[in-house]
Amino acid sequence: MKNNFLVGLRRTFFSFLTVSACILFVSSSFQTEIPNGISTREHNVMSVLWFQTAAEARALYYQAFNLARLMLDKDLAEQPTDKKRAVIVDIDETVLDNSPYEGRAIKINKGYPHDWDKWVDLAQAEALPGAVEFLQYAVSHGVDVFYVTNRKVRDKNATIENLKRKGFPQADEAHVVVRTTESSKESRRLKIAETHRIVLLMGDNLGDFAEVFDNKSVKGRNDVVDSLKSEFGKRFIVLPNPIYGDWENAIYEYQLSISDSAKNAKRKAALRGF
């Protein structure tokens, strides 16, 4: 009787240890992904949802590309040029939709650059509303399209493949211009300007338009926009991106390596109330 009791006790003890270990493993795995049960990227939930679900987001893309067509037609009709015309577009959140990457980042609590290359290699980002139609229209009128992106050299082939799959024109080695040594796009724009008249620049980030916007404070960015207000809707056309960009980096004063809690504090401090 005593031996049976001891055997049963041992079994109960080892079962308890096994269950406890499983609970600890699951708990540990969960905390690795989502500390305290709340994603450190929780602040992006509403912006990603807006981008993915709001009809207003689609409307803004259609509006931007409709306006781009009007401005291009105006230039074709009124501005003689010895150079071939060109339209320069950014890629991410300008012509291709990477919001599925951002949605997954929230769920697994891992931000850029985690798995970014894997996402690019899938070459499955969808075209944003109005983008393909406008760029096809531009090419059909003898205008070159240059995709000037801060995607890296290792991403170039997959990016070209993605653009081709979605029907974008001139998606090739010559027209997809990736980042090599610097994030500023100014030297790449100037290179294109040597052979082309740049009619339009389209992007979701002010750095897609001119070097003067680069590395400015929140106030500095707004001041430069005010000083160049006549260019917006004419030569510079902005696409909506509430998810990420230099607007956010400026809030952190470009100190991107600071902790998540420090970033959260800076976001809260930047809010205005009454």
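Just so it is clear, none of the values below were taken in a lab; they were calculated from the coordinates. Quantities reported herein were computed from a predicted structural model and do not represent experimental measurements. With ideal geometry, Cβ positions are generated from the backbone for all residues, glycine too; neighbour counts draw on all protein chains shown.
What to note about this one:
- Qualifying residue in segment 55-62 (condition: farther than 13 Å from residue 240 by Cα and in contact with a helix residue (DSSP H, G or I) (Cβ under 9 Å, 6 or more places away or on another chain)): no
- Scanning segment 166-210 for residues that are aliphatic (A, V, I, L, M), crowded, with 20+ Cβ neighbours inside 10 Å and over 17 Å from residue 144 (Cα atoms) yields a single hit, 206.
- Of the helices (runs of 4 or more DSSP H) that lie entirely inside segment 94-188, those containing 1 or more residues that are closer than 16 Å to residue 202 by Cβ span 131-140, 156-165.
- Hits in segment 62-85 (condition: within 23 Å of the chain's Cα centre (by Cα) and surrounded by fewer than 21 Cβ atoms within 10 Å (Cβ to Cβ)): 62, 63, 66, 67
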